[in-house]
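The structure appears below as structure tokens.
The values are calculated or read from the model by the stated rules, or taken from the named source; none is laboratory data. Since the model is a prediction, treat every value here as computed from it, not as a measurement. With ideal geometry, Cβ positions are generated from the backbone for all residues, glycine too; neighbour counts draw on all protein chains shown. Just so you know, the surface numbers come from the protein's heavy atoms only, side chains and all, with ligands and any DNA or RNA stripped out. Shrake-Rupley method; radii C 1.70, N 1.55, O 1.52, S 1.80 Å.
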There are 2 protein chains.
Amino acid sequence: MGRKVQGNLVIIGGAEDKREDKVILREVVRLAGGRNAKVAVVAVAAEDQEHLGSEYENIFRELGVAGVGVVHVNSRRDASLQANVAEIAGATGVFFTGGDQLRITSLMGGTELDRELHRAYERGVVIAGTSAGASAMTDTMIVEGDQEDAPRNLAIRMAPGMGLLEEVVVDQHFAQRGRIGRLMLAVAQNPYILGVGIDEDTAVVVDAQARFKVIGSGTVTVIDGTSLEHSSVSERELNQPVAIIGATVHVLAPGYGFDLASRLPLPPHGAVTAAR
Amino acid sequence: MGRKVQGNLVIIGGAEDKREDKVILREVVRLAGGRNAKVAVVAVAAEDQEHLGSEYENIFRELGVAGVGVVHVNSRRDASLQANVAEIAGATGVFFTGGDQLRITSLMGGTELDRELHRAYERGVVIAGTSAGASAMTDTMIVEGDQEDAPRNLAIRMAPGMGLLEEVVVDQHFAQRGRIGRLMLAVAQNPYILGVGIDEDTAVVVDAQARFKVIGSGTVTVIDGTSLEHSSVSERELNQPVAIIGATVHVLAPGYGFDLASRLPLPPHGAVTAAR
């Protein structure tokens, strides 16, 4: 996993606390420079971008940043508007709201805004995303899939994501929407992929050394297919339940970390673990 | 795992098909002797035992058995009634309905009916149970626990079960009610325990050689804690999310089996698996 980039990613499972301690949003601000932060809120995923954009703009102002701007994208033309590109170019932090991840990729993918986003990431800007905004960060993203049901063949839809994080597929609202079945299916389809399922009000913060830590109030479920012995996913029967043998699963609580390169969980200091 | 017993267990995840192909209920009848089967329906778990008892009685009659009786237990005194004990003593198959697993154990545990049930199992009678009736079969059973949330410390309640199956904890309505969090927690509390989560309209059939096979329309999730490296479950903080590192998870589709003694999944004939 060659990572040349300097930026952090804050990948949020949706429904992050916006009223009380705001642990996750404070961390986004801290990584973006605290009082000197200039945050660009990108509301492209949402239908009601005015409302959601304003909500986050107010929250970031309350948290005490130097500046906040909202980028509305309702068409691919919007994604090429110089004003929008400039907002990203001048930002120290970019925040993708929730909504529909396909809106993010289909409206922004391959535009000047998309290129400016990647340049921002490469110069060390923190890119944060919640819900759909989280799922869209990876090379390949889940678009749709059965929830609260056994993983069924071909029941999951995936599409190319924004490519800020390799080798990982993210799912959000994870425990709350019973999504482990579809994440197991995503990993079984290509066990090279690490599945990362993030609960509501929980986030992973990924650093430039390809390690992440868990913050917030829930857990992050990691599905590692390296140990996978077998799955029936290549059998060409539509809608049959899929068998998956030998996946390794970790549930990471706040304070725990994970090394993406070695795929090793990182318990907090002082935690007792089995000798390796 | 020393298993001297001769009986089969049919452990059903709830909501088994009662109208169409009735795959699971047919298998119960087959194991109980088909046309010669004498089935005792034990409705102790349910509040409305008349209704549920009659429903199953009708279904078993339609499936073509030699005889069906219903055992109603609303008090520990009922659990000692000679008529009820005789129903079990004469049965070739016993079927526990759904409801509340604590009703099963608190009303029957330690009574003559309980002893007769164990004698039946030892002489080769098939014992089937659905939903609460499934959970109650093991040494230790889940009574209650958070659903659709991150596993939280002390959030799960367990109690002694009927003791027909050792080393295993069963959860039912598994995918449908988002119960993997609490099953992970149960296994983390004692990784000696194998977690078996059964979806709706799905069952495991356990034989006298301590192997099971999956039948029905969903999947069975097995959580094997042998590989568990660490969990934070012994830290004395109420309601904090629990970290679990290194669990092995299998999702078994219909046709797949599992060897409880060796903890090895058994793919159907012809399935390609990684060399061991």
Counting only residues in segment B:223-242 that are among the β-branched types (Val, Ile, Thr) and surrounded by 24 or more Cβ atoms within 10 Å (Cβ to Cβ), the one nearest to A:Leu228 (Cα to Cα) is identified as B:Ile223
Being within 22 Å of the chain's Cα centre (by Cα) and more than 21 Å from A:His173 (Cα to Cα) narrows A:Val23, A:Val70 down to just A:Val70
Only one of (1) at pLDDT 95 or above; (2) crowded, with 16+ Cβ neighbours inside 10 Å; (3) farther than 21 Å from A:Gly124 by Cα does not apply to A:Asp17, and that is (2)
Pairs returned, first residue in segment B:98-109 that is under 21 Å from B:Glu200 (Cα atoms), second residue that is of a type in the set (Val, Ile, Thr) and open to solvent by 20 Å² or more (accessible area, probe 1.4 Å), beta-carbon separation under 7 angstrom, 6 or more apart or interchain, are B:Gln101/B:Val143; B:Leu102/B:Val143
Scanning segment A:221-248 for residues that are touching a residue at least 60 places away in the same chain (Cβ under 8 Å), more than 8 Å from every other protein chain (Cβ to nearest Cβ) and closer than 21 Å to A:Ser135 by Cβ gives A:Val233
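So which of A:Ala89, A:Ala175 is at pLDDT 95 or above, closer than 30 Å to A:Gln209 by Cβ and open to solvent by 10 Å² or more (accessible area, probe 1.4 Å)? Give the steps one after another, and end with the answer.
Details: A:Ala175 fails: at pLDDT 95 or above.
Just a single option satisfies the conditions, and that option is A:Ala89.
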Practice prompt. Scan segment B:47-64 and give yes if some residue there is part of a loop (DSSP other than H, G, I, E, B) and modelled with pLDDT under 95, otherwise no.
Written response: yes
Scanning segment B:188-209 residue by residue, those surrounded by fewer than 24 Cβ atoms within 10 Å (Cβ to Cβ) and within 11 Å of chain A (Cβ to nearest Cβ) turn out to be B:Pro191, B:Glu200, B:Asp201
Counting only residues that are among the β-branched types (Val, Ile, Thr) and surrounded by fewer than 20 Cβ atoms within 10 Å (Cβ to Cβ), segment B:92-128 contains a total of 1
Q) Residue check: is B:Glu57 farther than 14 Å from B:Leu113 by Cβ and surrounded by fewer than 16 Cβ atoms within 10 Å (Cβ to Cβ)? A) no
Criterion first (of a type outside the set (S, T, N, Q), at negative phi and assigned to a loop (DSSP other than H, G, I, E, B)) does B:Val73 satisfy it? yes
Residues in segment B:73-86 that are at pLDDT below 95 and either open to solvent by less than 60 Å² (accessible area, probe 1.4 Å) or of a type in the set (Ser, Thr, Tyr) (or both) total 5
* To do: Report whether or not A:Val169 is under 20 Å from the mean Cα position of the chain (by Cα), open to solvent by less than 30 Å² (accessible area, probe 1.4 Å), in contact (Cβ under 8 Å) with a residue 40 or more places away in the chain and more than 9 Å from chain B (Cβ to nearest Cβ).
  => no
